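The values are calculated or read from the model by the stated rules, or taken from the named source; none is laboratory data. Just so we're clear, the structure is a prediction, and the values are computed from it rather than from any experiment. For neighbour counting, all protein chains shown are included, and Cβ atoms are generated from backbone atoms with ideal geometry for every residue, glycine included. Only protein heavy atoms, including side chains, enter the accessible area calculation; ligands, DNA and RNA are left aside. Shrake-Rupley method; radii C 1.70, N 1.55, O 1.52, S 1.80 Å.
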Amino acid sequence: ACLALEPPRAPAVGSRPGPPGGRVSPVRSLASFCVIPRSTPTRVQSHAGAETVNYDVQTFGSSLPVKVMEALTMADVKVCESGWAWMVCGESLIIWKICQTAVAKVSVCKELQLPSSEYNYTADLVAVTSTAPLEMAAVQSISVLAVAAEGAVRYWPSLSQEGNYTETDVDLGDLCNFVVAVRGGSFVLSSVKNQLLRASADSSGKLQCRALQQGQGMLSGIGRRVSSLFGILSTPANDTLCSVLWVGESSSLYTLTDSSLSKWEVDDSSEHQILNWDARRVLNESITDAIWGSESNYEEMKEGANVAYLDMKLSQAGLVVLAAAWHPSDTPCLAYFCLVTLQDNGATISDQFTVEVTKYSSPFQETLQATRLVLPRSPGSTAFLYTEDVVFACSTGTNRVAVPDEKISFNSPGDGVRGAGCCANLPVFFSQNSGLVAVVARESASILPETMEDSLCSSLAVSAMETPTRAEPVAQEDKTKLLKAAFLQFCRNDLVGAQTVIDELFPADGDGEEGAELDTMVTQINLDLVDDYPASDPRWAESVPDESAGFPLTSLIILHQLEDKMKAHGCFMEFLLQVGLLDRLTQVTVRSSPMATRLLLCEHAEKLQAAMVLKNHHTKHSELVNRAISTALQRNNTAVPQSLTAADVFFREVSQISLVFDCLLEEEERSLKESPVDSVQWAEVVLTVNNIIKDMLQAAGQYRDMKASMYRASENAAAEPEYIPWTASGGVGGVRTVLSRQHEIILRTVYPHADSELRNALCEQLVALLDIYLGSFVAQLNSLQQQRTQQERYNSLEMEYSQRRSELLAPLLELGQYQWVAALAEKYCDFDILVQMCEQTDNQSRLQHYMAKFADQNFSDFLFRWYMEKGKRGKLLSQPAAQHQQLASFLQAHQHLSWLHHIHIHDYQSAHRTLYSQANMETRYFVKKKTLLALSKLTALASDLPEDQLSKQIDAVHL
C-alpha cells in the first residue's frame, strides 16, 4: 500500500528562497496522474488502483524474453532510451531489445558470460554502442563492454557473436563503478575514487586503454587560483565519484563527485576537459538553507549539516542533480532529498539554479546510497526517485505546471525495483514481480502548443474516434481523421491509445496500396500543420473554413505562429517515429516528380524556417516585403479579408513561401528602373533582396543539414527516387530560375554602375547565392549516385551541372573577382575555371597547389589536357620536377610529344625508343620519317648506353 505523505519533523517541506547564488521554487499542489504502458494495457495486480491515490501501474512493452524471466533472482537491470535493456545476474549478462508494441515481433535477446569477480556485478558496469544509432542498429553492429569491479574487462565486438570477445585488465586504482559508451565506438570506465579511463578497440580488435585527459588545453600548467576563474579546478585526491552522464547530442561527458561537477567535450579519438565546477562550495549552503532555513537555530544547525550527491540526469530544463542532506543531531536522523537544476552555459555553470526540496525522506544510511533518479528528458519537470522498495514521483521545481508527489510501493512479497531508465520518453522500472512498468501523467499537458488540441478535437468527428475492426473498410477521409486522433493521443502522452489506433489502421501485414495511402495521409496532415489557419487569432475568426483541418495556434504574432507550427511539426515527426510509421513511409509525387515522403516532411520544416527568416526581414523592410507579398497574393487570386493584413494571409500558407522570391525580383527591377542610377537608394534594393533570398535559403539548408538524421532512411530501406529539393526547383518562379535571373541583374544591370565598395558587397552576396544554387545540384547528384539504375540520368545531370557552373562563374572571372571565383571553383571542383584563373594571373604556384590538393581527382591530367587543347605545349612540357611522373604517365597517350619530355628530363634512352617507334609508324611523309630517325639516332648517342648496346642501336637506325 502507498505510504501517506507526512511532513518531515524538522524542516518545512517544499522550497524556499536560497542565498543569492540560487533560485528555489514554490510548493507544488497535487493533481491526478496515471501509469500507462506502451503496449496493450495489463494491470499489475500488486499495484491496483485502490492502493494508490494518483497512480496506476501497468506493464510496458511486450512479454519479457524467456531468458530474462529465468534470470530474475537478485538481478540488476538498466533500461536505455534507445529501447535496449540489459540485466546482470551473477556472472551472466542478458541484453534484449524492448518491443514497444502489443503484438511483439521476435525480440532480440542475447546472453553473455561475464568475467569472474569477487564482487557483485551491477548494470552500471556494462555499456553498449553501435556505429549506427542504437534505436535502428542491427544486432551484428552492436558492441558490448563489461567490466568487473576489480578491473577485468571483456569486450564483444558484435552482439550477434556471443563467443567472440577479447579481454584485458585495467588498473583504476580502486573499484570500477561506471562504464558508459561515448563517441567513436569507445567507452569511458570510472572508479569510485574518480579515476577515468577511455577504452576502444584498435583495428585488430584488441582493447586499448588510456587515462582520460584532464584539465588540458590552454589552461594546463597554470595555478589553481588562476584556473578557477575559467572553471577548471584541481580534483581532490579523496573525491568519490557519484554519477557519470553521457550526452550524445552535444558529445559531452559529465562526472559528479561529492565535491565537484566536471565536463569534457569528446570527439572520436580525443577529449578536452572544459569544466570542473566546485559544487560543494556553491550548492551545499543553498541546499541546507532550503531545508532548515526556517529553523530558529539555523545558523548553528547549518554547521553540522551534511550533503551528499547521489545521481545526475539531463532534462530540457538543465542538468538535474539528486542530493540528500541530513543532520546528525536530528532524532530520528532523516535524509531529505533535493533536486538541484543547473544551467550549463558551455564552459561555465550559471549562478542561477533551482533547489527543490522533495517530500521524500528516509532514515539516514538506510537507503541513502541506493536512491537513484529517473528523469524523462521532455518536459523534464517530473522526476522519479527510486529505491528497491519505492518509486517517488515529484517535481523538479522548473515548471509552472503543478506535478503531484506520491510514493508507489514495490514491497509486496518477492517484489522490488531491480533497475530503471527512460524509454519512449517514459520512466520505466523493472519490477521483480511484474517486469517492465511505466509511469506517466494521466492529465499531463499536451506537448502541442497551447489550445491546439481543443480545435483539433473539434475537427474530429466523434464517429471517427471509434477505431474500426480490421474487417470494416474505412474511407481515406476517416482514416486521416483517425490518424490525427492518434497523433492527438500521442501528444497527450496516451502512447498506448495512439499505438492501438495505428496497429488497427495500418497493420504490419498490410498490402502495398495501404502503404501509398499512408504516405498521402501523413503528408496531408503535416501540410495541414504548416498551412494551418490560426483560428485562435480573433482576426481570423471569419476567415477560417467551416471544415478546417483543425490545428489552430494561439499567438497573435505571425512569428510566434510560425514557431508554434515548427513545434507541432517536431511533435508529428516524433509521433511517426514512436508508433513505427516513419520507416514505413515510401514516396509521393511532388512538382510532377517522385520524392521520398520523409524528405517532403523535411521540406515543410525547411519552408517554416525560411518563413521565419522572411518575417524577420518583413519587420526591417516592411515596404519592400509588403509589396512583394501583395504581388504574390494577386498572382494566386487570393483575397485579403478586411480584418487581416496581406502578411497575415501570406504567412499562413507556409508551403507557398517560395512565391515571394520571384515577386521580390519584380519589385527590385521596378525600383531599379524608377530610381536614378546616381541616387543612394538605387542599389540598396538589390542588396536587401539579396540578403532576404540568401538568408531564407541558407536557413532552409542549415535545417536540412542539422536535422538530416531525423529524416534519413533506415539502413534496410529500398532505393529512393532522385531528390530534387525545393531550393533546386526550375521553371517559372522556381528557386533556380530566380537565382539565375538575379545573377544576371547583379552583373549586367548593377555591377557596371557600382563603385568598388558596392561591387565587393554585391560579389559577396552573389557568391553566397551561387553557393546555394550549386549546392542544390550536388544534393541531386548525390541522391542519384546511390542508384545504379540511374547512370544515364546521372550523366545527363552532371553535364548540365558542369555547364551551368561554368556559365555562372565565368562572368565573375572576366570581371577579375578572383577571390570569389576561387572560393566557389575550389568548393565545387570547377577545374576549368581554376586553370583559367591561374593562367590569367600567371600564378604557377597556385596551380601546383591545386595539383596537390586535387591529386585524387586527377587535376594534373585535366591541366595537361587543357594545355593540349589550347596549344600551350611549351607550358605542358615545362612542368616542375614534382609533376614529371604524372606528366610522363599522361604523355604515354601522346607519344608525338612524350619524346620532348624525355629529353627535358634527360631520359635519352626513352626519347630514343619513342622516336624510333614514331618513325617506324610514319608511312605517309618520307621527310618526317627521316627526321624522326635522325632524332632517334641523336638521342641514342646522347644516352649513357654501354658502347656495345649503343652500336647496336645506331646500326638499327637506317636513315
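Structure notes:
- Residues in region 394-403 that are at pLDDT below 80 and farther than 23 Å from Ser431 by Cβ: Thr398, Asn399, Arg400, Val401, Ala402.
- Residues being touching a residue at least 40 places away in the same chain (Cβ under 8 Å) and of a type in the set (Ser, Thr, Tyr) - total across region 131-159: 3
- Residue under evaluation Arg748, criteria (1) outside any loop (DSSP other than H, G, I, E, B); (2) touching a residue at least 12 places away in the same chain (Cβ under 8 Å), criterion not met: (2)
- Top-ranked residue in region 330-344 [being part of a loop (DSSP other than H, G, I, E, B) and more than 20 Å from Ser378 (Cβ to Cβ); ranked as least open to solvent (accessible area, probe 1.4 Å)]: Asp330
- Residue tally, condition touching an Asp or Glu at 6+ places or on another chain (Cβ under 7 Å) and of a type in the set (D, E, K, R), over region 682-718: 1
- Selected residue (only one of Val680, Val654, Val640 is open to solvent by less than 50 Å² (accessible area, probe 1.4 Å) and among the hydrophobic types (A, V, I, L, M, F, W, C)): Val654
- The one condition from (1) touching a helix residue (DSSP H, G or I) at 6+ places or on another chain (Cβ under 8 Å); (2) part of a loop (DSSP other than H, G, I, E, B) that Leu172 does not meet is (1).
- Test: residue in region 345-356 that is free of Cβ contacts under 8 Å to residues at least 60 places away in the same chain and either surrounded by 22 or more Cβ atoms within 10 Å (Cβ to Cβ) or closer than 21 Å to Tyr298 by Cβ (or both): no
- Condition check for Gln786: over 25 Å from Asn690 (Cβ atoms) and either within 31 Å of the chain's Cα centre (by Cα) or of a type in the set (Phe, Trp, Tyr) (or both): yes
- Segments classed as strands (runs of 3 or more DSSP E), wholly inside region 345-393, with at least 1 members that are over 17 Å from Leu426 (Cβ atoms) and among the aliphatic types (A, V, I, L, M): 354-363
- Residue within region 76-84 that is assigned to a strand (DSSP E or B), touching a Lys or Arg at 6+ places or on another chain (Cβ under 8 Å), of a type in the set (Asp, Glu) and at pLDDT below 95 present: yes
- Residue in region 727-738 that is polar (S, T, N, Q), surrounded by fewer than 18 Cβ atoms within 10 Å (Cβ to Cβ) and over 19 Å from Val588 (Cα atoms) present: yes
- Matching entry among Arg759, Arg748 (being open to solvent by 20 Å² or more (accessible area, probe 1.4 Å), under 22 Å from Cys663 (Cα atoms) and at pLDDT below 95): Arg748
- Residue check, Ser160 part of a strand (DSSP E or B) and under 23 Å from Cys109 (Cβ atoms): no
- In region 680-695, the residues that are within 17 Å of Tyr751 (Cβ to Cβ) and not in a helix (DSSP H, G or I): Trp682, Ala683
- The set of residues in region 238-286 that are among the charged types (D, E, K, R), touching a strand residue (DSSP E or B) at 6+ places or on another chain (Cβ under 8 Å) and either at pLDDT below 90 or over 21 Å from Phe187 (Cβ atoms) (or both) comprises Asp239, Asp258, Arg280.
- Of the residues contained in region 790-812, none is found to be buried (at least 18 other Cβ atoms within 10 Å of the Cβ), among the polar types (S, T, N, Q) and at pLDDT 90 or above.
- Search result, residues across region 590-623 that are of a type in the set (Ser, Thr, Tyr) and touching a residue at least 12 places away in the same chain (Cβ under 8 Å): Ser593, Thr597
- Residues in region 355-391 that are modelled with pLDDT of 90 or more and of a type in the set (S, T, N, Q): Thr358, Thr371, Thr387.
- Every pair of residues 6+ apart whose Cβ atoms lie under 7 Å, when the first sits in region 562-577 and is within 12 Å of Cys491 (Cβ to Cβ) while the second is of a type in the set (S, T, N, Q) and modelled with pLDDT of 90 or more: Phe572/Asn526
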